[in-house]
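> Got a structure for you, written out below as structure tokens; questions coming shortly.
The values are calculated or read from the model by the stated rules, or taken from the named source; none is laboratory data. Since we're looking at a predicted model, the values are computed, not measured. Glycine also receives a Cβ, built like all others from the backbone with ideal geometry; neighbour counts cover every protein chain displayed.
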Amino acid sequence: MEEKKRKLILDVDTGSDDAVAVLLSILSGRFDVLGITVSWGNSDVETCVNNTLQIVDMLGADIPVFQGCPGPMVREMTKGRVMNLPPNKISTTKDGKVYTMHPNVLPIPPAVSKKQEQHACAFLMEAIKKSPEKVTVIPTAPMTNIGMALRMDPSLVENIEEIVLMGGAVHMGNASPSAEANFFHDPEAAKIVLDSGAKIRIVPLNATHSAGLYREDAAKLIGLGTMAGKLAGDLVNMRLDSSDIMGWRSDQGEPIHDALAVAWALDESVIVESREEKCDVEMNGGICDGTMVVDHRRGYEFVPNARVAYRGDRKRFMEILCEHLSKGPKAADV
Ligand code: RIB
Ligand code: CA
């Protein structure tokens, strides 16, 4: 008997790794994707919407895309909140060539379809409330949209199957010395989600950096011969090029953060180490603003609110990517 598809809403800021997450969630065929809501983050929200539409169009998928919030809930209202931190750089120019982690336009045909009129937050509230089955939400961006929806209607949580989010880090950082970008950009939204009472799984930097991809993986994805495989492989190479030039390379490959969250929602075996944790986020400004705080103490007050992934399996991650990105239009078709 065919497995029942899980109702899904993706919340993205496409973005290179979001692009792979979108491809994987659509092509897996295991989700009934009710819609894709788009946040600001890797770029302004309009650019992230356009990038998302490009992917949906490339796959010929009939999935509505909703534009969401253009900035964080309240973070920017506190003057000087992060004044001591250097700006977070995702692009650089060398010898006249631009290297970026997140292109402003994806290297595929331009979008022809249009975003929906409805605001992403309104869609989240309506779709989750009305769904006859519980909805899984996968946020891979600053959680402004889902945080706002939960703030307006906390009872949404009753019809959420689970939230599998990419964000946070345990003793690591990328947007700042101690904070991961999705938490850093909207700490209050992250706090609302963490405290919502929903079943939560978190894919932090610890997991994504442990299952990074290499040039050989990019070549394998391109070799699948599909548009999806080619786009994913090109984006992995683009990220590797940028990391190299910006001196970010580690010997653990290039993290494709957001796609790992979708892979974990699809298949438990891609994460080989995870723990129930009590997670919080710093919201008081200063050098640790937006840092995820995991309480490692185990006392009588220990009440976990999330399962945190610590280590992924790169080989399994590649198997999942190859299985699903081998579907859809052939590379030569477009
Ligand atoms: O820290 C990684 C996250 O920030 C990913 O969601 C990526 O898309 C970036 O925005
Ligand atoms: Ca993202």
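> In the range 16-53, how many are within 15 Å of ligand 2 (Cβ to nearest atom) and either assigned to a loop (DSSP other than H, G, I, E, B) or aliphatic (A, V, I, L, M) (or both)?
16
> Among the residues of the range 49-67, is there at least one that is farther than 30 Å from A332 by Cβ and in contact (Cβ under 8 Å) with a residue 60 or more places away in the chain?
Checked against the condition, which is being farther than 30 Å from A332 by Cβ and in contact (Cβ under 8 Å) with a residue 60 or more places away in the chain, the range 49-67 yields no hits at all.
> If you go through the range 54-69 one residue at a time, how many are outside any helix (DSSP H, G or I) and out of contact with any strand residue (DSSP E or B) (no Cβ under 6 Å at 6 or more places or on another chain)?
4
> Right, next: Hey, can you tell me all the residues within the range 150-206 that are touching a strand residue (DSSP E or B) at 6+ places or on another chain (Cβ under 6 Å), assigned to a helix (DSSP H, G or I) and within 16 Å of ligand 1 (Cβ to nearest atom)?
Residues satisfying the conditions are F183, P187, A190, N206.
> Let me ask you something else. For the condition over 23 Å from C322 (Cα atoms) and away from ligand 1 (no atom under 16 Å from the Cβ), what is the one hit in V65, V49, V33, V38?
Result of the check over V65, V49, V33, V38: V65.
> So how many residues does the range 91-146 have that are within 15 Å of V22 (Cβ to Cβ), assigned to a loop (DSSP other than H, G, I, E, B) and within 16 Å of ligand 2 (Cβ to nearest atom)?
5
> In the range 180-199, what residues are over 14 Å from G41 (Cβ atoms) and touching a residue at least 40 places away in the same chain (Cβ under 8 Å)?
Selection gives E188, K191, I192, V193, L194, D195, S196, G197, A198.
> With respect to D280, is the statement that it is acidic (D, E) and more than 22 Å from I138 (Cα to Cα) true?
Here the answer is no, as D280 does not meet what is asked.
> Which of (1) assigned to a loop (DSSP other than H, G, I, E, B); (2) at pLDDT below 95 does P72 not meet, given it meets every other one?
Here P72 meets the rest and fails (2).
> So, of the residues in the range 147-171 that are closer than 19 Å to M73 by Cβ and touching a Pro at 6+ places or on another chain (Cβ under 6 Å), which turns out to be nearest to ligand 2 (Cβ to nearest atom)?
Per the criteria, the residue is L165.
> Going by the structure shown, is M1 modelled with pLDDT of 95 or more and more than 16 Å from ligand 1 (Cβ to nearest atom)?
Judged against the criteria, M1 is not a match.
> Additional query: Got at least one residue in the range 255-262 being crowded, with 20+ Cβ neighbours inside 10 Å, β-branched (V, I, T), under 27 Å from I90 (Cβ atoms) and out of contact with any Ser or Thr (no Cβ under 6 Å at 6 or more places or on another chain)?
Within the range 255-262, one or more residues are crowded, with 20+ Cβ neighbours inside 10 Å, β-branched (V, I, T), under 27 Å from I90 (Cβ atoms) and out of contact with any Ser or Thr (no Cβ under 6 Å at 6 or more places or on another chain).
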